[in-house]
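Novice: Here it is, the structure in full.
The values are calculated or read from the model by the stated rules, or taken from the named source; none is laboratory data. What you see is a predicted model; the values in this text were computed from it and never measured. Cβ sites come from the backbone with ideal geometry, for glycine too, and all protein chains shown count toward neighbours. Side chains are part of the model used for accessible areas, which takes the heavy atoms of the whole protein and leaves out ligands, DNA and RNA. Shrake-Rupley method; radii C 1.70, N 1.55, O 1.52, S 1.80 Å.
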Protein chains: 2
Amino acid sequence: MATDTRVLDDFKAAILAGRYAPRQRLVEAELCEDYSASRFAIRAALQALEAEGLVERIPNVGARIRDIGIDEAVEISEVRGVVEGLIARRAAERVSAAQAADLEEIGASMHAAVAAGDTGAYGELNSRLHSAVREIAGHDKASDIIARLHGQMVRHQYALSRVPGRSSVSVHQHQAIIDAVIARDGDAAEAAMRAHIASVIEALRATV
Amino acid sequence: MATDTRVLDDFKAAILAGRYAPRQRLVEAELCEDYSASRFAIRAALQALEAEGLVERIPNVGARIRDIGIDEAVEISEVRGVVEGLIARRAAERVSAAQAADLEEIGASMHAAVAAGDTGAYGELNSRLHSAVREIAGHDKASDIIARLHGQMVRHQYALSRVPGRSSVSVHQHQAIIDAVIARDGDAAEAAMRAHIASVIEALRATV
DNA sequence: GTCGCCTATATTGTTGACAATATTGTTGGT
DNA sequence: ACCAACAATATTGTCAACAATATAGGCGAC
């Protein structure tokens, strides 16, 4: 169970990659074939994924991919906003000179990606920035929660990245976060992060 | 598994009631006896409780009650602070007249409990206040996270309630939260809640 | 006497078969 | 043609026995 973490990892990666449709039924026997694992291992994985909010299970009926609608995605983002705000504040309080340089470099690359119209690269940099800030903050509990919430959001995240002109708006918000962290201004960093997520929520509502 | 929710509920309640010591080993066979359940059901419960952060499992070795130290308790409280802040803000935006009256009544009871020196009643009212605010906010995702974090904190929560003079300090903070929510002032409600949790963190650090 | 190895024991991990349950399809009646 | 009851199937839930692994205690060598 804990031994065979491979099944869970692969399965989770597949869900996060969007390889399963929302509300798709997950029959244990089929999953056994797909991941060439025993039903035992599959059940353990399903239970773990249920706890992570990625899978929904109904007793005696079966499991399915949880469908997270816009309303729930907004709620998730609201929580994410305040928790990432906490992280940004902590990052501003603890950032080192070397880390500050890293952030500045990410910011420069972002501007370059926007100028080149490379949305793929921008999305990649977006992830890198958020994870860099998390690392600087060094707040395990907050990072865990963000990871969990992010997992539930992947589908909408993907939809967001395809909204045209989105990156040219968010690049300034990202820069504001970077500037505040480098300036070691906790209040400003939290405010910038919250403003950024608020804008994400707005865009999210617009994708309906 | 999902059928026999009784085992999980009882077991979880026992942990939350502090009936198991931190780092206490949880041998599956013993738990089978205690809850007169099959090993199968016990394993499912253990896995669920691991996901909730109440139990820690090491492959091929076994499960034990997770020991949450002061440092981690502080981190948990920091996250709790911002998420409860969000909840308080939402509550202020959505509170109805009847709900406002309920809050005021809780506040009055709190003052009375402090005056009477009844720490038990005060603790009870504390829970009631926070859960009333959660209900007013109607933010499922935030409430879920708070519930999970609270579960991990029970031990320290108990220690806190026994700090002498703690209630006479916190009663004013609680009143500030109530006032802000009733005034429908989101900013003030969030600030009051965060100040309250900050004070809890301070007290937490002092219990070492 | 102490260190390392080895065996014994306790405990968890895994499997396959079986039971319980829900869903689907079919048949007969009106 | 439609509905209800029933049978057949698919799927999950549960169990008890077995395998694998880690821990603890004892034995011998130095």
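Novice: I'd like the full set of residues that are within 11 Å of another protein chain (Cβ to nearest Cβ) and assigned to a helix (DSSP H, G or I), limited to the range B:128-152.
Specialist: Matches in the range B:128-152: B:Ala137, B:Asp140, B:Lys141, B:Ala142, B:Ser143, B:Asp144, B:Ile145, B:Ile146, B:Arg148, B:Leu149, B:Gln152.
Novice: What's the number of the only condition in (1) on the phi < 0 side of the Ramachandran plot; (2) open to solvent by 40 Å² or more (accessible area, probe 1.4 Å) that A:Leu46 fails to meet?
Specialist: Going through (1) on the phi < 0 side of the Ramachandran plot; (2) open to solvent by 40 Å² or more (accessible area, probe 1.4 Å) one by one, A:Leu46 breaks only (2).
Novice: May I pose another question? Cβ-Cβ under 6 Å, sequence separation 6+ or interchain: first residue in the range A:131-142 and surrounded by 14 or more Cβ atoms within 10 Å (Cβ to Cβ), partner of a type in the set (Val, Ile, Thr) and part of a loop (DSSP other than H, G, I, E, B). Which pairs?
Specialist: Every condition considered, the pairs that remain are A:Ile136/A:Val95.
Novice: Any chance you could count how many residues in the range B:54-63 are within 16 Å of DNA strand D (Cβ to nearest atom) and either in a loop (DSSP other than H, G, I, E, B) or open to solvent by 50 Å² or more (accessible area, probe 1.4 Å) (or both)?
Specialist: Residues that pass the stated criteria total 6.
Novice: Can I ask one more? Being hydroxyl-bearing (Ser, Thr, Tyr), touching a helix residue (DSSP H, G or I) at 6+ places or on another chain (Cβ under 6 Å) and within 26 Å of A:Leu149 (Cα to Cα) narrows it down to one residue among B:Ser168, B:Ser143, B:Ser131, B:Ser161; which is it?
Specialist: Sole residue among the options that is hydroxyl-bearing (Ser, Thr, Tyr), touching a helix residue (DSSP H, G or I) at 6+ places or on another chain (Cβ under 6 Å) and within 26 Å of A:Leu149 (Cα to Cα): B:Ser143.
Novice: Take B:Ala100 and decide whether it is of a type in the set (A, V, I, L, M, F, W, C), assigned to a loop (DSSP other than H, G, I, E, B) and either modelled with pLDDT of 95 or more or within 13 Å of DNA strand D (Cβ to nearest atom) (or both).
Specialist: Spelling it out, it is not the case that B:Ala100 is of a type in the set (A, V, I, L, M, F, W, C), assigned to a loop (DSSP other than H, G, I, E, B) and either modelled with pLDDT of 95 or more or within 13 Å of DNA strand D (Cβ to nearest atom) (or both).
Novice: Sort out which residues of the range B:31-41 are within 9 Å of DNA strand C (Cβ to nearest atom) and either within 23 Å of B:Ala147 (Cα to Cα) or within 13 Å of chain A (Cβ to nearest Cβ) (or both), and write them in order of number.
Specialist: Across the range B:31-41, the qualifying residues are B:Arg39, B:Phe40.
Novice: Which one of these does B:Ile68 not meet: (1) among the aliphatic types (A, V, I, L, M); (2) part of a helix (DSSP H, G or I); (3) more than 12 Å from DNA strand C (Cβ to nearest atom)?
Specialist: The failed condition is (2).
Novice: Hey, can you tell me all the residues within the range A:65-80 that are over 18 Å from A:Ala21 (Cα atoms), touching a residue at least 40 places away in the same chain (Cβ under 8 Å) and more than 8 Å from chain B (Cβ to nearest Cβ)?
Specialist: Selection gives A:Val74, A:Ser77, A:Arg80.
Novice: Please find, among A:Ala51, A:Ala88, the residue that is more than 11 Å from DNA strand D (Cβ to nearest atom), under 19 Å from the mean Cα position of the chain (by Cα) and within 10 Å of chain B (Cβ to nearest Cβ).
Specialist: A:Ala51
Novice: Restricting to the range B:158-189, name every residue that is open to solvent by 50 Å² or more (accessible area, probe 1.4 Å) and not hydrophobic (A, V, I, L, M, F, W, C).
Specialist: Passing the criteria: B:Tyr158, B:Ser161, B:Arg162, B:Pro164, B:Ser168, B:His172, B:Asp179, B:Arg184, B:Asp185, B:Asp187.
Novice: Among the residues of the range A:6-30, how many are assigned to a helix (DSSP H, G or I), open to solvent by less than 70 Å² (accessible area, probe 1.4 Å) and within 13 Å of DNA strand C (Cβ to nearest atom)?
Specialist: 4
Novice: Determine the pairs where a residue that is under 14 Å from B:Pro22 (Cα atoms), located within the range B:52-64, has a partner that is part of a strand (DSSP E or B) and more than 16 Å from DNA strand D (Cβ to nearest atom) with Cβ atoms under 8 Å apart, the partner being 6 or more residues away or on another chain.
Specialist: From residues that are under 14 Å from B:Pro22 (Cα atoms), the pairs are B:Leu54/B:Ile65; B:Val55/B:Ile65; B:Glu56/B:Ile65; B:Ala63/B:Val55; B:Arg64/B:Val55.
Novice: To continue, here is another question. Just need a number here: residues in the range B:4-22 that are touching a residue at least 40 places away in the same chain (Cβ under 8 Å) and polar (S, T, N, Q).
Specialist: Within the range B:4-22, residues that are touching a residue at least 40 places away in the same chain (Cβ under 8 Å) and polar (S, T, N, Q) number 0.
Novice: Taking into account only those residues within the range A:24-38 that are touching a residue at least 24 places away in the same chain (Cβ under 8 Å) and in contact with a helix residue (DSSP H, G or I) (Cβ under 8 Å, 6 or more places away or on another chain), which is nearest to DNA strand D (Cβ to nearest atom)?
Specialist: Per the criteria, the residue is A:Glu28.
Novice: Next up: Could you tell me which numbered condition B:Ile76 fails, if it satisfies all but one of (1) in a helix (DSSP H, G or I); (2) within 16 Å of DNA strand D (Cβ to nearest atom)?
Specialist: That leaves (2) as the condition not met.
Novice: Continuing with the same structure: Which of the residues that make up the range A:197-208 are without any contact (Cβ under 8 Å) to a residue 40 or more places away in the chain and surrounded by 19 or more Cβ atoms within 10 Å (Cβ to Cβ)?
Specialist: none
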